[in-house]
Amino acid sequence: MVTLAMHMANELLTPAVAAVTLVAAAVIVAVASMRAAKMLSSQNAPLMGVMGAFVFAAQMINFTLPGMPGTSGHLGGGVLLAILLGPAAGIVTITGILIVQCLLFQDGGLLALGCNIVNMGVVPCLLGWGLYRLLLGRAAAPRAWRQYLAAWAACTVGVAGGAALVPVEAGVSGVLRVPLADFLQVMVGVHLLIGLVEGAITFAVLAYLRRVRPNAVGVVLPVASPDKVGAKAVLGSLVATALLLSGIVSWFASTHPDGLEWAYQEHLAGGGRTVVDNPSPAVAAVDEWQAKWSPMSDYTKRSAPLGQQPGATEGPQPDKGAWPNVDGWGSLAGVVGTLITAAVLYIPARLIRRRHAAAAATTAVKT
């Protein structure tokens with residue numbers, strides 16, 4: 001049985017399909033980076049690192065799905081990032097998050113990184129943001145209810161759209177041993193519910209920002225109604241929330257399998273059907289490499305020195321069935337991951353600010 005974490009595992013793809021999706025994702029991210037440098041304002045550039053850290057931390061909090069008590073979901077964050085930063089900067093930000101998760105915590109397969117970027121970043125950021133803008137209309141200062149409803153719908157469609165690609169990618173790889181339609185139906189169904197809950201979380205973040213700093217969510221205010229809280233205070237509050245989520249609130253996350261795990265293991269494999277058969281030695285080699293070199297696989301303490309293959313039962317294993325799951329190593333991993341994500345995304349944000357400053361200086365000289 002293949003073990004899956006939050007994101008797609010290597011075993012769901014063949015090396016050939018993985019290579020194509022990695023190249024495609026690299027091209028898309030490169031184009032998005034160039035567009036973000038032009039479109040993202042210098043005032044919102046610091047939000048890349050801060051919101052990246054927030055989404056990383058929020059993804060650690062699995063929530064039980066309504067009407068499905070044995071299943072959980074977690075925030076994807078792509079639509080939220082696209083709303084606050086624009087779709088191009090949103091894609092760059094979610095890519096940074098996924099790279100940190102993959103390399104440091106073995107959360108998602110290295111071969112599947114391209115698919116995860118497309119499924120969790122490109123599709124929600126483009127499809128979700130497009131629907132959001134369509135429903136929002138052209139009003140410069142949309143009413144709150146309309147903005148929240150648009151965000152909710154965008155999350156539901158964006159999350160489900162990205163999830164629908166997982167069975168397709170596995171089907172193209174030729175590793176599925178169940179009908180593609182069955183896997184697709186289960187994945188879309190469960191992720192529609194996840195999208196509804198993600199919409200509520202996105203709703204809450206937008207409601208907070210709309211109240212304290214409406215310009216960050218594209219709301220145009222009269223001159224007499226400036227932002228109520230300074231940018232540094234808002235950024236600081238988001239960073240503090242991210243550290244709280246990853247360090248403490250993660251103890252109270254649902255211990256049930258998430259949407260992909262449930263669809264793959266509990267629902268399909270739990271029925272006695274072999275879902276995937278992928279005997280590729282390349283896939284096994286990449287799995288082994290990740291297990292050796294991920295500093296904190298599955299957000300826990302390594303049971304073997306870095307560079308050695310962990311044993312199946314070595315080291316203390318946290319009680320995943322306990323709730324709350326008070327896990328010091330998990331908190332450390334979450335806090336470290338949150339800070340590293342912020343640091344990684346600070347680099348493109350800094351470059352964008354420098355680009356805008358240089359452009360402004362050039363314009364000033366010409367005039």
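The values are calculated or read from the model by the stated rules, or taken from the named source; none is laboratory data. Not measured: the values here are computed from a predicted model. Glycine also receives a Cβ, built like all others from the backbone with ideal geometry; neighbour counts cover every protein chain displayed.
Miscellaneous remarks
- Single residue of Gly108, Gly73 found to be farther than 16 Å from Trp129 by Cβ, touching a strand residue (DSSP E or B) at 6+ places or on another chain (Cβ under 7 Å) and crowded, with 24+ Cβ neighbours inside 10 Å: Gly73
- Test: residue in the range 153-160 that is in a helix (DSSP H, G or I), closer than 30 Å to Trp329 by Cβ and at pLDDT 95 or above: yes
- Scanning the range 162-205 for residues that are assigned to a loop (DSSP other than H, G, I, E, B) and either among the hydroxyl-bearing types (Ser, Thr, Tyr) or surrounded by 17 or more Cβ atoms within 10 Å (Cβ to Cβ) (or both), we see that the one that is modelled with the lowest pLDDT is Val178.
- Counting residues in the range 110-126 that are touching an Asp or Glu at 6+ places or on another chain (Cβ under 7 Å) and not in a helix (DSSP H, G or I) gives zero.
- Scanning the range 32-61 for residues that are under 19 Å from the mean Cα position of the chain (by Cα), surrounded by fewer than 21 Cβ atoms within 10 Å (Cβ to Cβ) and not in a helix (DSSP H, G or I) gives a single hit, Ile61.
- Output for the range 253-263, where each listed residue is touching a strand residue (DSSP E or B) at 6+ places or on another chain (Cβ under 8 Å) and either aliphatic (A, V, I, L, M) or at pLDDT below 80 (or both): Ala253
- Residue in the range 134-145 that is of a type in the set (Lys, Arg), free of Cβ contacts under 8 Å to residues at least 12 places away in the same chain, in a helix (DSSP H, G or I) and surrounded by fewer than 24 Cβ atoms within 10 Å (Cβ to Cβ) present: no
- Against the numbered list (1) free of Cβ contacts under 8 Å to residues at least 12 places away in the same chain; (2) touching a His at 6+ places or on another chain (Cβ under 9 Å), Val27 comes up short only at (2).
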